1. Run the simple label-point estimate for Asp54 and Leu78 please: 7 Å along Cα→C-beta, distance reported in nm.
2. For Cα pairs less than 8 Å apart in space and 6+ apart in sequence, what is the mean separation divided by the residue count of region 106-216, i.e. the relative contact order in percent?
3. Please give every one of the lysines within straight-line cross-link reach of Lys13, meaning a C-alpha to C-alpha distance under 22 Å, and leave out same-chain neighbours fewer than 8 residues apart.
4. Need one number: nm distance between label points at Thr43 and Ser125, each 7 Å from Cα along Cα→Cβ, rounded to one decimal.
5. For the chain, what does the alpha-carbon gyration tensor say about shape, rounded, prolate or oblate, given a ≥ b ≥ c as the root eigenvalues, a/c under 1.5 as rounded, and a/b over b/c as prolate?
6. In percent, what relative contact order does region 1-151 have, based on Cα pairs under 8 Å that are 6 or more apart in sequence?
7. Need the C-alpha centroid separation for region 1-32 versus region 139-173, integer Å.
8. Treat each spin label as a single point 7 Å out from the Cα along the C-beta direction, and report the Tyr141 to Thr200 distance in nm.
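Computed from the coordinates by the stated procedures, all read-outs in this text should not be read as laboratory data. These numbers were taken from a predicted model, which means no experiment stands behind them. FYI the Cβ positions are ideal-geometry reconstructions off the backbone, even for glycines, and counts take in every protein chain you see.
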Amino acid sequence: MRAVLLGPPGAGKGTQAQILASELSIPKVSTGDIFRANVSGGTELGLQAKEYMDRGDLVPDEITNAMVRDRLVQEDALQGFLLDGFPRNVSQAQVLNKILVELDEELDAVVELKVDEEEVVTRLSGRRSCRSCGYAHHTLYDPPTVAGVCDQCSGELFQREDDKEETIRHRMEVYREQTAPLVSFYADEGLLVTITATGTVEEVTARALAAMGRSS
Ligand code: AP5
Ligand code: ZN
């Protein structure tokens, strides 16, 4: 299975990618997670990406495309992958198509997670991410048992720099202008399946699996 999760910030891509990748036994490739790991590791890539991420802007295509290419040609991704957060504009989608041609592979599905803007702001302003395992708790929807401590791994929870309301609104704008055109791009390629991303996490997972032609 080679699939893309598409959707605005806070749609639940990261939450679903984690579960779906494990259900489907394929690696999850999340550009946001890779960038954040590089920022905390203080690497050159992290230094380049940080200022864009903190503002809620896209990291330049040259940097992002090279990073994704390197990841998709690794051994574990050759049997399939689930992309979370990439592609994010038409030019990245064209680069992905080129990488797939080189590998003699094709995408199987692009699953669009649909959720309205007010829900996104509520989800992101309440998100508390784990520094160790990346799990996303939510102050209302999925509060940790002990405040500030991840239920999954006991790691420390923190609020992402880009999860402040003003930056969330800017990320939504970037999504509308640069990423939303991918909906018609992939509809034209006959790959797009749109699902409602509200309801419980389990309900959304079941819809996503059905969209990919798998049952839960
Ligand atoms: P990235 O990390 O990809 O951020 P994003 O797309 O804005 O997505 P989020 O991680 O904010 O949200 P999500 O959809 O994963 O939601 P989640 O599952 O956490 O990118 C960050 C930055 O990196 C970008 O701004 C950019 O600078 C850079 N970047 C990344 N990729 C790039 C690219 N390709 N090109 C250029 N730059 C790139 O859920 C959100 C919250 O909701 C959580 O608290 C969760 O607990 C809760 N939740 C989830 N599902 C439900 C549910 N069903 N009901 C109730 N609550 C729920
Ligand atoms: Zn954790």
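1. 4.1
2. Contact order relative to length: 34 percent.
3. Of all the lysines, those that pass the test against Lys13 - Cα under 22 Å, at least 8 places apart if same chain - are Lys28, Lys50, Lys114, Lys164.
4. 3.5
5. Note, shape of the chain comes out rounded.
6. RCO, region 1-151: 35 percent.
7. 18
8. 1.4
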